[in-house]
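S.K.: One structure follows; several queries about it will come next.
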Amino acid sequence: MAPTTANKELRSSENLVVKDPFFGFLRRKVTAKQILPVMTGQVNPFNKTSFSAAYKSILDSRKKLPVFGQKHEFYEMYSNNQVLIMVGETGSGKTTQIPQFVVYSDLPHTKGKIVACAQPRRVAAMSVAKRVAEEMDVSLGKEVGYTIRFEDMTDPGTTFLKYMTDGMLLREAMNDPLLQRYSTIILDEAHERTLATDILMGLLKSVIKKRPDLKLIVMSATLDALKFQKYFGRDSDNLAPLFKVPGRTHPVEVFYTQEPEQDFVESAIRTVLMIHRAEEPGDILLFLTGEEQIEDACRKIKLEADDLLNQDPDLVGPLTCYPLYSSLPPQQQQRIFDKAPSPRTPNGPPGRKVVVSTNIAETSLTIDGIVYVVDPGFSKQKVYNPRIRVESLTEQPISKASAQQRAGRAGRTRPGKCFRLYTEEAFMKELEEQSHPEILRCNLANTVLELLQLGIKDLVHFDYIDAPAPETLMRALELLHYLAALDDEGHITPLGSLMASFPTDPQLAKMLIVSPEFKCSNEVLSIAAMLSVPNVWLRPPNQRREADAAKALLTVPDGDHLTLLNVYNNYMQNAHIKNWTWDNYLSARALSQADNVRTQLLRIMERNDLDLVSIDDEKKLYNGIKQALVCGFFMQVAHKEGEQGSYLTVKDNQVVALHPSCGLDVQPEWVLFNEFAFTTRYYIRTVTSIKPQWLLEHAPTYYELGSFQDGGMKRALRALEQRRVVSGGGGGRKAKKQKKFA
DNA sequence: GAGCACTGC
């Protein structure tokens, strides 16, 4: 596209003719030399008002960022390339500065376009947008804004620099596959390889060929740059150009153990106390894997540190220990930012703060003042087994990249030390270079539907940066086919398109779409929302009995899905009662999130003319809800085998047990479950009793008896079918439904 | 009679 000259002049409010600061700028051929006088000038070129005093002082600090010194190089590469890979370590200023640099050259406002910067996390999108609005001396939500789920802080027509979550950009692509509103797209933190970032990279690789006017910048930490350069290169000999900026962190000295450790928790506690006794002042960050482990370690560290303090008050100072994990209430999460305790006596040894954290402190949360990192080398990671369709969380060794990231947490304010509780040999030989990208570790039903909706027909040959296991794709296609989201040729059906408009798993979308037919969409909406948020039940270690009793009061014995509905309804009715959630051992955060999700789903229902309906008769209502559940989750059904309380999942024939948290008062012959998880054994969680005739009626293809192995389940279904033939039941309503989406 | 690492629409 030919570069254009910005408006020559403009009229100020006093009607005086002043020169546009961008006068003479050739769009996308702008040089660093041209920009500096505009940045340091008197008039903000984007809103034509005078720069504030704050702007100038912020600009002085921006000038000290490593990336600022390389402006010239950046503009040269930006002008001459459509795609750019940028590598910048922590503290380089890439997330705040690069999008601003782009805007000065791309001049999106002169073309009615937007520069987007996609982030993996909501908080980052929000806080960076706020910071950049300050740096550019404009109001947040005007020229600079952000878009995340449930919150759009942009002003259409005004906003030309937009921070957003990667998932949000992917959703937008579903309505606008060429992403026409954007002139430059920046993918930040690409090395994290979230599912959304990976899919976006695949899409954008083909979009840039169809849109020569679209520029793309992929920003990442050092390690994966070559992979991205190859992926976005024109061919195998042509790497995409790399723009590299050094970080601004302090050196971290790394120590290894001489021998492998047997019990990493115990050895971690010992190491923390060793640091406390023997090392210079400075806070400690210890990485462990889960809530229980962390709480336990905190207790032990506190006890031992108190002992040390009492034995040797002249040698060691006081110590405070804070746990950190995502399900911790925000108020308690905030405590990690408290200062280390003061010395017990005016001239006594200084105090020390210890934070014991999950992976959340590796990427999402930064704690300044950390000087020592203790890294046992493990984290919990999600694994998906497509053969039996089960996701599980298991403790696994971290990757080298992760270990490096963890070590870096010690050098944010001054030189630090990292104690790795494994041998150097193990680090070199046993740890993988990179953690597996998410796309290789999860169920892809949702993603496959999104890709189909985006018009990608050949999912197997889609240009993934790392291709998922074929079996995972097959499982996803199979599920979507059974849900009638795909036809026999694998094309998306009108029902499938409708399902894709819901930001949920396809099973939930299907359940929502059919719910008006069963006169229970009002209730199914609440259930879908509750199934989309984290666990609402709290169970503090020392109040388990009280928590279980509170839960029993809200339990509907017929099924956990109905219990969730009951909890949501009670929550809404009692919203005015202070402490209601707390008194009932429920998570206020998860419940308010559920309410947000419900509102969003409701809007999508309305937009698609799906009615909000309900009936008064509770028994009929519950049966309607269960049938809607069956329409979405007929593949997640188990049949009771024998009297020992064990169940067999339908078709996969996995032996499973009802999870102990299940609220059913009896063990029904047929149950539908939301989740199949492997922990100490195979469990099904969130379980509701159903009638088997609904399976035959609402999912006849899946319950075609020829596809079943011989056994109790098949016998039960056959007996049922024979009875149906005799009585001539079923059929009618189903035929009508199929016609609707044909 | 057990557990939910972390994101995201």
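S.K.: Could you list, ordered by first residue, the pairs with Cβ atoms under 6 Å in which the first is in segment A:657-668 and closer than 11 Å to residue A:559 by Cα and the second is within 8 Å of DNA strand B (Cβ to nearest atom) and part of a loop (DSSP other than H, G, I, E, B), at least 6 apart or interchain?
M.R.: Pairs found: none.
S.K.: Exactly one condition in (1) out of contact with any Pro (no Cβ under 7 Å at 6 or more places or on another chain); (2) closer than 21 Å to residue A:376 by Cα; (3) free of Cβ contacts under 8 Å to residues at least 60 places away in the same chain; (4) more than 13 Å from DNA strand B (Cβ to nearest atom) is not met by residue A:313; state its number.
M.R.: (2)
S.K.: Within segment A:631-647, does at least one residue satisfy the condition of being surrounded by fewer than 17 Cβ atoms within 10 Å (Cβ to Cβ) and of a type in the set (Lys, Arg)?
M.R.: no
S.K.: To continue, here is another question. Is it the case, given these coordinates, that residue A:211 is surrounded by fewer than 19 Cβ atoms within 10 Å (Cβ to Cβ) and under 25 Å from residue A:225 (Cβ atoms)?
M.R.: Criteria met by residue A:211.
S.K.: Can you tell me how many residues within segment A:536-569 are under 27 Å from residue A:691 (Cα atoms) and of a type outside the set (A, V, I, L, M, F, W, C)?
M.R.: Going through segment A:536-569 one residue at a time, the tally reaches 11.
S.K.: If residue A:706 meets every condition in (1) more than 16 Å from DNA strand B (Cβ to nearest atom); (2) part of a strand (DSSP E or B) apart from one, which number is that one?
M.R.: Residue A:706 satisfies all of (1) more than 16 Å from DNA strand B (Cβ to nearest atom); (2) part of a strand (DSSP E or B) except (2).
S.K.: Of the residues that sit in segment A:132-165 and are within 11 Å of DNA strand B (Cβ to nearest atom), part of a strand (DSSP E or B) and charged (D, E, K, R), which one is modelled with the lowest pLDDT?
M.R.: If we take residues in segment A:132-165 being within 11 Å of DNA strand B (Cβ to nearest atom), part of a strand (DSSP E or B) and charged (D, E, K, R), then A:151 is modelled with the lowest pLDDT.
S.K.: Residue under question is residue A:439, and the condition is that it be away from DNA strand B (no atom under 15 Å from the Cβ), of a type in the set (A, V, I, L, M, F, W, C) and within 30 Å of residue A:656 (Cα to Cα); does it hold?
M.R.: no
S.K.: Being among the basic types (Lys, Arg) and within 15 Å of DNA strand B (Cβ to nearest atom) is the filter; apply it to segment A:166-212 and report the residue that is farthest from residue A:399 (Cα to Cα).
M.R.: Ranking the candidates gives A:171 first.
S.K.: I've got another one for you. Taking segment A:444-460 as the region of interest, how many residues are over 19 Å from residue A:194 (Cα atoms), at pLDDT below 90 and touching a helix residue (DSSP H, G or I) at 6+ places or on another chain (Cβ under 7 Å)?
M.R.: 1
S.K.: Checking residue A:498 against (1) without any contact (Cβ under 8 Å) to a residue 60 or more places away in the chain; (2) in a helix (DSSP H, G or I); (3) farther than 18 Å from residue A:202 by Cβ, only one condition comes out false. Which one?
M.R.: (1)
S.K.: For segment A:297-319, give me each residue that is surrounded by fewer than 19 Cβ atoms within 10 Å (Cβ to Cβ) and outside any helix (DSSP H, G or I).
M.R.: Across segment A:297-319, the qualifying residues are A:312, A:313, A:314, A:315.
S.K.: Further question: Just to confirm my filter: which strands (runs of 3 or more DSSP E) fall fully inside segment A:377-424 and include at least 3 residues that are within 16 Å of DNA strand B (Cβ to nearest atom)?
M.R.: Counting at least 3 such residues, we get A:378-385, A:390-397.
The values are calculated or read from the model by the stated rules, or taken from the named source; none is laboratory data. The model shown is predicted, which means the values in this text are computed figures rather than measured ones. When we count neighbours, we look across all protein chains shown, and the Cβ atoms used for this are built from the backbone with ideal geometry, even at glycine.
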